[in-house]
Amino acid sequence: MKIAVVGAGIAGLTCAYMLCSKHKVYIFEKSNRPGGGLFSIRYKEGNVDSFVDLGFSVYNRAHYPNLVNLLDQLKIRSQEVPKRIVINHPNAKLYWCLGDDSHSFSTTTSFLKPINYKVFSLWRNWKKQWKSFLEKKDKKTSLFEYLKEEGVSSEIQKKFVLPLIQSFWCGLRSTLEDMPAYFFFSFLSKIGLLEDSDDAKWRVIRGGGFRIVSQMVSALINPIHFQVEVVQVSRSPDSVEIITNTGEREFFDAVIFSLPADDALRILEKPTPSEYQVLGSFGYEEFDIVVHNDERFIQTPSKGSASWCIQVSDVPEKMPPVVTWNLNYLQQLPIKSNLFLTFVPQGNNVPKENTMVVLKRKAPKPTWKMLSVQKRFTEINGINRTYFCGDYWGEGTIEDSIGSALQVVPLIEKQQARAQTI
């Protein structure tokens, strides 16, 4: 079969990598690089070259089985890194640590404060209850409703839970009322925060996550068409027509969309009612990420470094927290220079003299509509020679991208089998 893949993100690359040995696969990518949200920059310090991950960074073996299998297949090694998140209220002189040091929510003396004890108890209960909650598959209860039912005070909701959900790259502007409780626990479990087992420990790719991309690209038979944007996809019973921004037209036996759902819907001519309803139900969070060297963004009273630092304002319900990844500590980089990555949902507050790179990002926003249509994967995949994959089919992680691609591949094989019997 002759297959077009629109988008060279990790989902599209996984499809192409798995299919290229049996099919003629052609990838169209509007940017000048592959990988989508999985990308690295080269940072040189003296004679040392380091690759710094700016998209996908950490994973765990417990909840990323497809990624683990892919790494094994590509023979790419990883290493364990610290899992430590600090939620800091600088003006209130409060902070809490999650992850490897979750027992040290504050100093021994300050632990006696009622709010610190309540936070510790809440976190301990979540680590006991998250599995049973997810097993109920309750996708209608908001996080606010759940917390109210559990008797969590408004103070804890505002100072602890709200900053936590707004530290998610897919929830930077979320509120307790519009965050599904199911997604909240599903996301926390996916990134390994609710477990202390060895399999839930954080890991990074040795040499940078971009090694995944480079190895899959090198295995492709046909080169990727970079800086070629697909502007329209038309379908007929016998073929799929791809039209690019240069006016070129080409026919294929099938098309795989590895794009955000809204972008796929925009370029799809005459979408079916199901495609329109499913793809149109995914919303997105757009924001900037800033790579810089301003140490003020990770300063907390906590002893030791933090992988993620969440700096909370006095009015978290009005002003989202400032979320910063400590790249040196998080990725265990062999450099002395300090590198940080800060999420900027509104207005860049990183000084220009400290700014190194500014990039635009887009992540699926958790909503009830999203949860309700994710189960309709097979309803729109394999219909009219068209397939859709991406992180929006899950919690917005690389595992979800790879997982959706691995669901698409056998559907493609089924299409070929049907064609051979006709």
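The table below lists the values:
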read-out: Cα-centre dipole for the stretch 196-263 with unit charges at Cβ (Lys and Arg positive, Asp and Glu negative), debye to 20; value: 380 debye
read-out: Alpha carbon centroid spacing (whole Å) that separates the stretch 235-285 from the stretch 363-421; value: 13 Å
read-out: Ranked by how many other beta carbons lie within 10 Å on average, peptides 124-134, 284-294, 325-335 from highest; value: 325-335, 284-294, 124-134
read-out: K22-M319 FRET efficiency (beta carbon distance; Förster radius 41 Å; 0.05 resolution); value: 0.20
read-out: Mean accessible surface per residue for the chain, computed with a 1.4 Å probe while every protein chain stays in place, in Å²; value: 45 Å²
read-out: In order through the stretch 329-337: 3J(HN,Hα) via Karplus (6.51 cos²θ - 1.76 cosθ + 1.60), integer Hz, x for Gly, Pro; value: 6, 5, 9, 6, 6, x, 10, 8, 5
read-out: Residue among G208, G247, G171 with the largest mean-square fluctuation in a Gaussian network model of the chain, springs linking Cα atoms under 10 Å; value: G247
read-out: Euclidean distance of C-alpha centroids, the stretch 315-361 and the stretch 121-139, integer Å; value: 31 Å
read-out: Residue-by-residue Karplus 3J(HN,Hα) for the stretch 57-62, coefficients 6.51, -1.76, 1.60, Hz, glycine and proline x; value: 10, 10, 8, 9, 6, 5
read-out: Neighbourhood net charge (10 Å Cβ-Cβ; Lys/Arg +1, Asp/Glu -1) for F287; value: +1
read-out: Segment R206-K362, extension gain: residue separation times 0.36 nm, minus the distance between their alpha carbons; value: 53.6 nm
read-out: Share of carbon and sulfur in the accessible heavy-atom surface of the chain [1.4 Å probe, %]; value: 50 percent
read-out: Proximal aspartates and glutamates relative to K148, as straight alpha-carbon distance under 18 Å, when same-chain residues fewer than 8 apart are discounted; value: D138, E177, D178, E317
read-out: Residues of type aspartates and glutamates that K30 reaches as a straight line, Cα spacing below 15 Å, ignoring anything fewer than 8 places off in the same chain; value: E229, E248, D263
read-out: Listed residues I87, W169, H292: farthest to the positive end of the dipole of the chain (Cβ charges); value: I87
read-out: Among V315, V240, V86: highest mean-square fluctuation, GNM of the chain, C-alpha pairs under 10 Å; value: V315
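The values are calculated or read from the model by the stated rules, or taken from the named source; none is laboratory data. Keep in mind the model is a prediction, meaning the values are calculated, not measured. We place every Cβ from the backbone using ideal geometry, glycine too, and count neighbours over all the protein chains shown. We work out accessible area using only protein heavy atoms, side chains counted, and drop any ligands, DNA or RNA first. Shrake-Rupley method; radii C 1.70, N 1.55, O 1.52, S 1.80 Å.
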